[in-house]
Amino acid sequence: MASCWWRWRRGCSWRPAARSPGPGSLGRAGLSGLRAAAAAAARAQVRRRGLRMSQVSYFNLVKSLTSAFPNMYSISRFHHMTPAVCCCSKTRSGEKYTDPFNLGWRDLKGLYEDIRKELFISTTELKEMCEYYFDGKGKAFRPIIVVLMARACNIHHNNSRNVQASQRAIALIAEMIHTASLVHDDVIDDASSRRGKHTVNKIWGEKKAVLAGDLILSAASIALARIGNTTVVSILTQVIEDLVRGEFLQLGSKENENERFAHYLEKTFKKTASLIANSCKAVSVLGCPDPVVHEIAYQYGKNVGLAFQLIDDVLDFTSCSDRMGKPTSADLKLGLATGPVLFACQQFPEMNAMIMRRFSSPGDVDRARQYVLQSDGVQQTTYLAQRYCREAVREISKLRPSPERDALIQLSEIVLTRDK
Amino acid sequence: MSLRQLLLRLPCYLGASGPRRGPLDTISSVVSWRAQSSRSPAHWNQVVSDAEKIVGYPTSFMSLRCLLSDELSNIAMQVRKLVGTQHPLLTTARGLVHDSQNNLQLRGLVVLLISKAAGPSSVNASCQSYDMVSGIYSCQRSLAEITELIHTALLVHRGIVNLDELQSSDGPLKDMQFGNKIAILSGDFLLANACNGLALLQNTKVVELLASALMDLVQGVYHENSTSAKENHITDDIGILTWKKQTFLSHGALLAKSCQAAMELAKHDAEVQDMAFQYGKHMAMSHKINSDLQPFIKEKTSDSLTFNLNSAPVVLHQEFLGRDLWIKQIREAQRKGRLDYAKLRETINAGKGVTSAIDLCRYHGNKALEALESFPPSEARTALENIVFAVTRFS
């Protein structure tokens, strides 16, 4: 999907006089004539089939959306998305529209204490290192999604309003796997701060930090095994493999521009979305036997995860370091070309050389940052994130209405508008 | 690319120094590499070679298979970039390929042997007998590989370097950072493969066992790090009991729990599982003590040969003497701030540390043999006994 979308993008441009369409993308017809025709066709398509992104070409999609939602033409991070984005039924329970985090936290009380209990380590220093990030200051974004999804699936299946113990355990396990990968990533990236404090490797050294990461992972695996469900074990071990492969993908790079974007999306899936997608799937397996529901949960998690990371990549350019808890332009400094950069490169081909040498020459980082901020890279990436969110909402809306389902819908919007 | 072809190329990749090895065209030449090991070569090799015939194939390179598969041939290339640097990963990688004393891939072999020795469960005779090859279920073979993967992963993770402790003699910071990066990723990759393998076994009890073994192993490695050579070579004041606990974590737990897991896979009852656990635990302990004793019992030792101050004979020696006297001896053996290992070795040899370490090794060996008695007599059981004999032999 991404690659055909990317080819269209190359042929078009936000600014009318920028470049002529590439071969095979728009054919010989004039840009404006085609736009009108495509827009009409796209509108009809959208009405008939819903927003299936693999079928509607990017360009047509843009046109149809901008005509359907005129406010959206100037995309910026601050543009607020109204809940009426998708035309599906609202909750009929009439419950007050609560904040998804509050809703989720009802089930997550004691989350961090319970995680600490899983880390039954006798040595004080090692225990301290492992518990370092489970201090209650993280966003706990993943556990929230997990428990909300658990309830949404349970309600969909048999109107049960309970969260099973095993489903809650998945929330813990997801957070632990995430933290273990963070600890290792910080050593790999030689990071000095995270969540507003020093990283484990800076305080205790690299050797011990790696061991702490391994320990958290093993504790997560023990908890996973104790649930006693082999399907769930298979689902979550896939995540562990994806996390490592994502890191390897990040090590390597693609020469070809077209491949770069697909490579970036694949890496984004493996490093971020896979955990959320598979945790959602795991709780749905525990709550409901219907494979259709499992797929819905997975698709929701995957799309939200992708959007989450894309916005994260945007914030690396647009935010300043106090809010994020970690320094910005971090990706550029690591030599990583993320969404905004890849889009900016379309308008500023000079960036290609910098991307290939992974911003290693002095001054590269700042120049690249300037290019990105001058280009529409940020807007494009945000727009892509919005598309993923919309897909997520479309999927989750197939479940029976419930406060949790609506919270998940709202959560996908929060993903887009967060600023840290 | 076949495993054998890859292994042919690896020594060149890793910038192997030392005697050129001939091409690997027969399986027996793999075993002959063990001749380089410093244990009484002929006997040990014989034991291992017989054992490998019993289980059907050489077990040395199990954990490397996934690292060398074409898909991620990145890793071999990345490790190659480290040739010429001083990052420990390179040493680890070389050690994995050129079998050395510490890296003898024993665990997988023991798991296979004990699986064969236990045979199918008498209670659950219905389970997949079609799946057995050479008397071992394929899930047990898989388990043996997983055990090796976990061990190798931690071996690789042990080689991470603390960046703020580097000195100019260690070379450029960039190399060490890169080496750390590759070491972490390779270790994680091995662990991920292990986890996947565990998931495929479709048995959550086994997953729990091996995950807890991993947890023990990590804690054991942590202790190793903490008590390694410090300022003035004064190590922590640990008695033999603490040493045993820590050594169980770092060496015994993985093998013990894998053996138990192998029994669980064949649906053996708790008693059989416990016996397998005991064998694994005691065999691993005596193997470690044997390894610790090598610097003290070899006849031809060079003066520059160092030994670990947290090894069994040294810890026992300290326990007999008392802390203060031991510290005094260390100080006496120091010349201009550097430890004269030859002198310290003489001092230790003169005490009771070495002999009591030998006794301890034999004690654990006997416990391992006891555990084996509950298994029916067979080729595999004999091979396991022979391994114990080889490890407790000091003449």
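The values are calculated or read from the model by the stated rules, or taken from the named source; none is laboratory data. Remember, predicted model here, so these are calculated numbers, not experimental data. A quick note on method: Cβ atoms are made from the backbone with ideal geometry, for glycine too, and the neighbour counts reach across all protein chains shown. All accessible areas refer to the heavy atoms of the entire protein, side chains included, with ligands and DNA or RNA removed. Shrake-Rupley method; radii C 1.70, N 1.55, O 1.52, S 1.80 Å.
Key figures for this structure:
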| quantity | calculated |
| --- | --- |
| Among the residues listed as B:ASN162, B:ASN180, the single one being touching a Gly at 6+ places or on another chain (Cβ under 6 Å) and either open to solvent by less than 40 Å² (accessible area, probe 1.4 Å) or away from chain A (no Cβ under 14 Å) (or both) | B:ASN162 |
| Odd one out for A:LEU215 among (1) facing chain B (nearest Cβ under 9 Å); (2) in contact with a Ser or Thr (Cβ under 9 Å, 6 or more places away or on another chain); (3) in contact (Cβ under 8 Å) with a residue 40 or more places away in the chain; (4) surrounded by 24 or more Cβ atoms within 10 Å (Cβ to Cβ) | (2) |
| Any hit, the range A:187-194, residues being more than 25 Å from the chain's Cα centre (by Cα), part of a helix (DSSP H, G or I) and at the interface with chain B (Cβ under 9 Å from one of its Cβ atoms) | no |
| Tally of residues being out of contact with any Ser or Thr (no Cβ under 8 Å at 6 or more places or on another chain), surrounded by 12 or more Cβ atoms within 10 Å (Cβ to Cβ) and either closer than 13 Å to B:PRO88 by Cβ or of a type in the set (D, E, K, R) (or both) across the range B:165-177 | 2 |
| Filter result for the condition that a residue is closer than 30 Å to B:HIS268 by Cβ, facing another protein chain (nearest Cβ under 9 Å) and more than 18 Å from the chain's Cα centre (by Cα), over B:LEU200, B:LEU210, B:LEU185 | B:LEU200 |
| Members of the range B:131-159 found to be more than 14 Å from chain A (Cβ to nearest Cβ) and either assigned to a loop (DSSP other than H, G, I, E, B) or among the charged types (D, E, K, R) (or both), listed by number | B:ASP131, B:SER134, B:GLY135, B:ARG141, B:GLU145, B:GLU148 |
| Residues located in the range A:396-413, provided they are in a helix (DSSP H, G or I) and over 23 Å from A:PHE261 (Cβ atoms) | A:ILE396, A:PRO403, A:GLU404, A:ARG405, A:ASP406, A:ALA407, A:LEU408, A:ILE409, A:GLN410, A:LEU411, A:GLU413 |
| Elements of type helices (runs of 4 or more DSSP H) contained in the range B:34-122, each with 3 or more residues being at pLDDT 80 or above | B:41-55, B:88-97, B:106-118 |
| Residue match in the range B:226-247 (condition: modelled with pLDDT of 90 or more, open to solvent by 30 Å² or more (accessible area, probe 1.4 Å) and within 30 Å of B:MET132 (Cα to Cα)) | no |
| Whichever residue in the range A:343-376 is open to solvent by less than 10 Å² (accessible area, probe 1.4 Å) and assigned to a helix (DSSP H, G or I) and, among such residues, is nearest to A:LEU265 (Cα to Cα) | A:PHE343 |
| Criterion (within 29 Å of B:LYS174 (Cβ to Cβ), touching an Asp or Glu at 6+ places or on another chain (Cβ under 8 Å) and in contact (Cβ under 8 Å) with a residue 40 or more places away in the chain) met by exactly one of A:VAL244, A:VAL200, A:VAL187, A:VAL183 | A:VAL200 |
| Test: residue in the range B:197-205 that is more than 26 Å from B:CYS361 (Cβ to Cβ), basic (Lys, Arg) and modelled with pLDDT of 95 or more | yes |
| Which listed residue, of B:ASP359, B:ASP340, is open to solvent by 70 Å² or more (accessible area, probe 1.4 Å) and free of Cβ contacts under 8 Å to residues at least 24 places away in the same chain | B:ASP359 |
| Residue count for the range B:318-337, restricted to those that are part of a loop (DSSP other than H, G, I, E, B) and either of a type in the set (S, T, N, Q) or open to solvent by less than 60 Å² (accessible area, probe 1.4 Å) (or both) | 3 |
| Residue pairs meeting the criteria (Cβ under 9 Å; at least 6 apart or on separate chains; first modelled with pLDDT of 95 or more, in the range A:284-305; second open to solvent by less than 10 Å² (accessible area, probe 1.4 Å) and among the acidic types (Asp, Glu)) | none |
| Those residues of the range B:217-229 which are within 18 Å of the chain's Cα centre (by Cα) and either among the hydrophobic types (A, V, I, L, M, F, W, C) or within 9 Å of chain A (Cβ to nearest Cβ) (or both), in sequence order | B:LEU217, B:VAL218, B:GLN219, B:VAL221, B:TYR222, B:HIS223, B:ASN225 |
| Among (1) open to solvent by 10 Å² or more (accessible area, probe 1.4 Å); (2) away from every other protein chain (no Cβ under 14 Å); (3) touching a helix residue (DSSP H, G or I) at 6+ places or on another chain (Cβ under 7 Å) - the single one A:GLU175 does not satisfy | (1) |
| For A:ASN201: the one exception among (1) modelled with pLDDT under 95; (2) more than 13 Å from chain B (Cβ to nearest Cβ); (3) crowded, with 24+ Cβ neighbours inside 10 Å | (2) |
| Answer from A:LEU310, A:LEU315, A:LEU275 - the residue that is on the phi < 0 side of the Ramachandran plot and either surrounded by fewer than 24 Cβ atoms within 10 Å (Cβ to Cβ) or modelled with pLDDT under 95 (or both) | A:LEU315 |
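Okay, residues lined up against (1) open to solvent by 30 Å² or more (accessible area, probe 1.4 Å); (2) modelled with pLDDT of 95 or more; (3) within 9 Å of chain B (Cβ to nearest Cβ); (4) not in a helix (DSSP H, G or I):
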| residue | (1), (2), (3), (4) |
| --- | --- |
| A:SER221 | no, yes, yes, no |
| A:VAL233 | no, yes, yes, no |
| A:LEU236 | no, yes, yes, no |
| A:ARG245 | yes, no, yes, no |
| A:PHE248 | no, no, yes, no |
| A:SER253 | yes, no, no, yes |
| A:PHE261 | no, no, no, no |
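Quick grid of which residues meet (1) of a type in the set (A, V, I, L, M); (2) free of Cβ contacts under 8 Å to residues at least 40 places away in the same chain; (3) in a helix (DSSP H, G or I); (4) over 20 Å from B:SER226 (Cα atoms):
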position	(1), (2), (3), (4)
B:LEU309	yes, no, no, no
B:LEU316	yes, no, yes, no
B:LEU344	yes, yes, yes, yes
B:ASN349	no, no, yes, yes
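The rows are residues; the columns are (1) within 26 Å of the chain's Cα centre (by Cα); (2) of a type in the set (D, E, K, R); (3) modelled with pLDDT of 85 or more.
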position	(1), (2), (3)
A:THR98	yes, no, no
A:PHE101	yes, no, yes
A:TRP105	yes, no, yes
A:LYS109	yes, yes, yes
A:TYR112	yes, no, yes
A:ARG116	no, yes, yes
A:LYS127	no, yes, yes
A:TYR132	yes, no, yes
A:GLY138	yes, no, no
